[in-house]
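Notes to accompany the following structure.
The values are calculated or read from the model by the stated rules, or taken from the named source; none is laboratory data. Because the structure is predicted, anything quoted here is derived from the model rather than measured. All Cβ positions, glycine included, derive from the backbone under ideal geometry; neighbour counts span all protein chains shown.
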Amino acid sequence: MQIDFDELREREFGRLDAEGHVYLDFTGSGLYSESQIRRHAELLSHSVFGNPHSRNPTSLAATRMVDGVRERLLEFFNADPEEYEVVFTLNATGALKLVGEAYPFESGSRFVLTADNHNSVNGIREYAAAHQAEVRYIPLESGLRISSVRESLQGADRDRSNLFVYPAQSNFSGVKHPMEWIAEAQSLGYDVFLDAAAFAPTSAVDLRMHHPDFVAFSFYKMFGFPTGVGALLARRDALKKLRRPWFCGGTVRFVSAQPGVQLSHVNGRAFEDGTLNFLDIAAIPLGLDFLERIGMERVNARVMELTSALLDELHGLRHSDGAPMICIYGPDSPAGRGATVAFNVLHPDGRLVDFRAVEERANQANLSLRTGYFCNPGAAEFAFEHPDDEIRRCASTFTPENFTIQQFSVCLNRRPVGGVRVSFGIASTRSDLDRLIEVLNSFGD
């Protein structure tokens, strides 16, 4: 089946052109299709769902619906229901925090993570350090890639619990890190947590081909709506290792106040705090249906076609003397990457144009892109060549109250402290790319 993406844009995302928007921040958030919203409104208009923590008719209807969504997610990600469970969370960050706070770190165990990771992964190091576990970062190399993780992973104590976390796709550079690391790390004594938040919107996740112990998703990144709902897909044996630091409504079968005893659920429900966002959970299958009607392979082919064209255009942008106008961070070809591209604009003499000036000009053109560190300081530090000792020295001179990005740049001897990121998604068209190039061309001499 052929998909006319321009017709799809007009039919499902017509509000973009009606309001004159160019949206190029799909790594930040996906966009919902109009049919998703209509179908969700129709479902709520013709259904009555009650709090699933009961057994009345409306509660049972909500329970059946939520359980059906769990099954649908396992099917979509090709996960064996005998191997994996679905735990609903607020978002991918919530899934990461849930595992981080409950993972059995101890003295002698390791927490290993790639330097290329979202801050929500970096934060897990606080839990690891609090339990005297070793925290180890794997540095980035040319093109913001990592050629091998084996050396950094070797030597773990197999009698301890060791956790390795990395993104399937970088939210900074678009680099796709190898799925083969999962089995390799597991063979070296690690549980593996795969952050799929940036990968899943445009690439198929197959949990029968690769078997991470934990995987995090945010549904608004995949198909725009609902916000405030994500999921942790966890292998059942890995989930049993976790020890939650507290309990609450929804996570226990029985609690007694006076003798201080409780019986927790023995499945994924032990990790779902309070009442689930069940009315928004009902919208998840509608987003999955939308993606499946188009096909993830077609989505990926479409966004990579646009990414390849963008890279060609960026390479071709030149000042009048032939000097390049763009510095790309990460892969400068489509191979081994996703549809996220980070760069800075250059003056004719090679100095960087302040990324905030690019953002301001994009805003004037009603063009949405992302600037800054993109919540990924590790990739940014390697891309912008920030020395460790200089970062440490500068960080010690600031407090949360007086820190500004401008002062940080001054302290780092005017090194770059941010970039520009554009990313394509299911609603993107060639005209969006052309509008971006118009904005960038305006910085030529």
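List of remarks:
- Of all residues in segment 388-420, those being among the aliphatic types (A, V, I, L, M) and loosely packed, with under 14 Cβ neighbours inside 10 Å number 3.
- Note on segment 258-369: enclosed helices (runs of 4 or more DSSP H) holding 1 or more residues that are free of Cβ contacts under 8 Å to residues at least 12 places away in the same chain are 284-294, 296-316, 355-364.
- Of all the criteria given as (1) among the aliphatic types (A, V, I, L, M); (2) in contact with a Ser or Thr (Cβ under 9 Å, 6 or more places away or on another chain); (3) crowded, with 22+ Cβ neighbours inside 10 Å, the one not satisfied by Val149 is (3).
- Checking each residue in segment 330-356 for being surrounded by 14 or more Cβ atoms within 10 Å (Cβ to Cβ) and among the hydrophobic types (A, V, I, L, M, F, W, C) picks out Ala339, Val341, Ala342, Phe343, Val345, Leu346, Leu352, Val353, Phe355.
- If you go through segment 97-125 and keep only what is of a type in the set (D, E, K, R) and either surrounded by 19 or more Cβ atoms within 10 Å (Cβ to Cβ) or outside any loop (DSSP other than H, G, I, E, B) (or both), you end up with Lys97, Glu101, Arg110, Asp116, Arg125.
- Any pair with Cβ under 9 angstrom, 6 or more apart, that starts in segment 1-16 at a residue that is within 19 Å of Glu297 (Cα to Cα) and ends at one that is polar (S, T, N, Q) and outside any helix (DSSP H, G or I): Phe5/Ser428; Phe5/Thr429; Asp6/Thr429; Leu8/Ser33; Arg9/Ser428; Arg9/Thr429
- Within this structure, Phe88 fails the test of being within 26 Å of the chain's Cα centre (by Cα), among the aromatic types (Phe, Trp, Tyr), surrounded by 12 or more Cβ atoms within 10 Å (Cβ to Cβ) and closer than 16 Å to Phe290 by Cβ.
- Beta carbons closer than 9 Å, at least 6 apart along the sequence or on distinct chains, pair a first residue in segment 124-140 that is in the same structural domain as Pro104 (by TED's automatic domain parsing) with a second that is surrounded by fewer than 15 Cβ atoms within 10 Å (Cβ to Cβ) and assigned to a helix (DSSP H, G or I) for Val135/Ala129; Ile138/Glu151.
- When segment 1-36 is filtered for residues that are surrounded by 15 or more Cβ atoms within 10 Å (Cβ to Cβ) and either aromatic (Phe, Trp, Tyr) or not in a loop (DSSP other than H, G, I, E, B) (or both), the ones remaining, listed by number, are Phe5, Leu8, Arg9, Glu12, Phe13, Leu16, Val22, Tyr23, Asp25, Phe26, Tyr32, Gln36.
- Residue identified as assigned to a strand (DSSP E or B), at negative phi and surrounded by fewer than 16 Cβ atoms within 10 Å (Cβ to Cβ) among Arg253, Arg243: Arg253
- Selection status of Ser203, of a type in the set (Gly, Ala, Ser) and either closer than 20 Å to Glu297 by Cβ or not assigned by TED's automatic domain parsing to the domain that holds Ala92 (or both): yes
- Residue count for segment 144-155, restricted to those that are part of a helix (DSSP H, G or I) and within 12 Å of His177 (Cβ to Cβ): 1.
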